[in-house]
Amino acid sequence: MPRAIQILATPADLFHAAAEEFVRVGKAAIAARGRFTVALSGGSTPKSLYSLLPAQHAAFNWDHTFLFFGDERHVPPDHPDSNYRMVKEALLTKLSIPAENVFRVNTENPDAAAAALEYETELRRFFALTSGEFPRFDLILLGMGPDGHTASLFPGSDGLKEQSRLVIANWVEKFNTHRITFTFPVLNHAAQVIFLASGPDKANMVHQVLEGKHTPPYPSQQVQPINGTLLWMLDEAAAAKLAR
Ligand code: 6PG
């Protein structure tokens, strides 16, 4: 699995480069298969990328783009912590993407496991999967927490072990809550995975993940696309501790 690391001088350079890469991958997917399937990451880092897309790429073929969420907090879609709300404010309200092209997690379901199963069923239907098959997203965007987590796969959580489900409700001890998340098999079946990391508070973990050996590995180290590419896009601050 080829791994590439792109280091951009500033956060603004990072998000512009990420927007260009998003569109490059999307155009190639639409040209090759008539559609672009992408799973968005949550948290705060990608907000700047999502805001750039309508500003710089309003003419991108959003009609043939299908947006999913690699993970979601178990809160209502209008809750301040909702990844859907963040994407809606940064991207969806500024684009004319058909509503039916956006697949959010039904977090109104009070049963997190049921919400995860609903989303998994949605994935199986959309990708017309047979049992045992995993979806191959054209692109999965990921972030990384300072503890090395990605999506909502946190160190020490049970979800790290899941090898057959597509989407699970993962209990996250430190937040005392379930998070709905893609599993590693889904992440690792993607055609391309892009990690975005920005800022000095990620520098130590970026170094540990990209240059360290850990047992058990950090969740972000376990993202190794089987038949796809892995691209880490960093700004100088996040890359500051890399040996390179
Ligand atoms: C989430 C994300 C999560 C995020 C990291 C980094 O739902 O929070 O999917 O995996 O990417 O926690 O978050 P920041 O970008 O806010 O540092």
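Mind listing whichever residues of the stretch 128-154 are away from the ligand (no atom under 12 Å from the Cβ) and either farther than 15 Å from Ala39 by Cβ or open to solvent by 10 Å² or more (accessible area, probe 1.4 Å) (or both)? Of everything in the stretch 128-154, those that are away from the ligand (no atom under 12 Å from the Cβ) and either farther than 15 Å from Ala39 by Cβ or open to solvent by 10 Å² or more (accessible area, probe 1.4 Å) (or both) turn out to be Ala128, Leu129, Thr130, Ser131, Gly132, Glu133, Phe134, Arg136, Asp138. Scanning the stretch 169-192 for residues that are within 11 Å of the ligand (Cβ to nearest atom), aromatic (Phe, Trp, Tyr) and within 16 Å of Val223 (Cα to Cα) yields a single hit, Phe182. Within the stretch 90-109, the presence of at least one residue that is surrounded by fewer than 15 Cβ atoms within 10 Å (Cβ to Cβ), among the polar types (S, T, N, Q) and at pLDDT below 95 is confirmed. Specify which of the listed residues (Leu166, Leu160, Leu210) is within 15 Å of the ligand (Cβ to nearest atom) and touching a helix residue (DSSP H, G or I) at 6+ places or on another chain (Cβ under 9 Å). After ruling out the rest, the residue left standing is Leu160.
Among the residues of the stretch 44-60, just one is at pLDDT 95 or above and loosely packed, with under 15 Cβ neighbours inside 10 Å, namely Ser44. The number of residues in the stretch 7-27 being crowded, with 17+ Cβ neighbours inside 10 Å and within 17 Å of Ser41 (Cα to Cα) comes to 10.
Residues of the stretch 136-157 that are of a type outside the set (A, V, I, L, M, F, W, C), within 18 Å of Gln222 (Cβ to Cβ) and either modelled with pLDDT under 95 or in contact with a helix residue (DSSP H, G or I) (Cβ under 8 Å, 6 or more places away or on another chain) (or both): Gly145, Pro146, Asp147, Gly148, His149, Thr150, Ser152, Pro155, Gly156, Ser157. Taking (1) surrounded by fewer than 17 Cβ atoms within 10 Å (Cβ to Cβ); (2) out of contact with any helix residue (DSSP H, G or I) (no Cβ under 8 Å at 6 or more places or on another chain) in turn, Glu122 satisfies each apart from (1). Within the stretch 148-172, residues that are of a type in the set (Phe, Trp, Tyr) reach partners that are open to solvent by 30 Å² or more (accessible area, probe 1.4 Å) with beta carbons closer than 6 Å, at six or more positions or on different chains, in the pairs Trp171/His178. Among what's in the stretch 119-132 and is out of contact with any Lys or Arg (no Cβ under 8 Å at 6 or more places or on another chain) and assigned to a loop (DSSP other than H, G, I, E, B), pick the residue that is farthest from Ser157 (Cα to Cα). Only one residue fits best here, namely Ala128.
The values are calculated or read from the model by the stated rules, or taken from the named source; none is laboratory data. Predicted model, so just to flag it, every value in this text is computed and none were measured. Cβ coordinates were reconstructed from backbone atoms using ideal geometry, including for glycine residues, and neighbour counts include every protein chain displayed. With ligands, DNA and RNA removed, areas are computed over all heavy atoms of the protein, side chains included. Shrake-Rupley method; radii C 1.70, N 1.55, O 1.52, S 1.80 Å.
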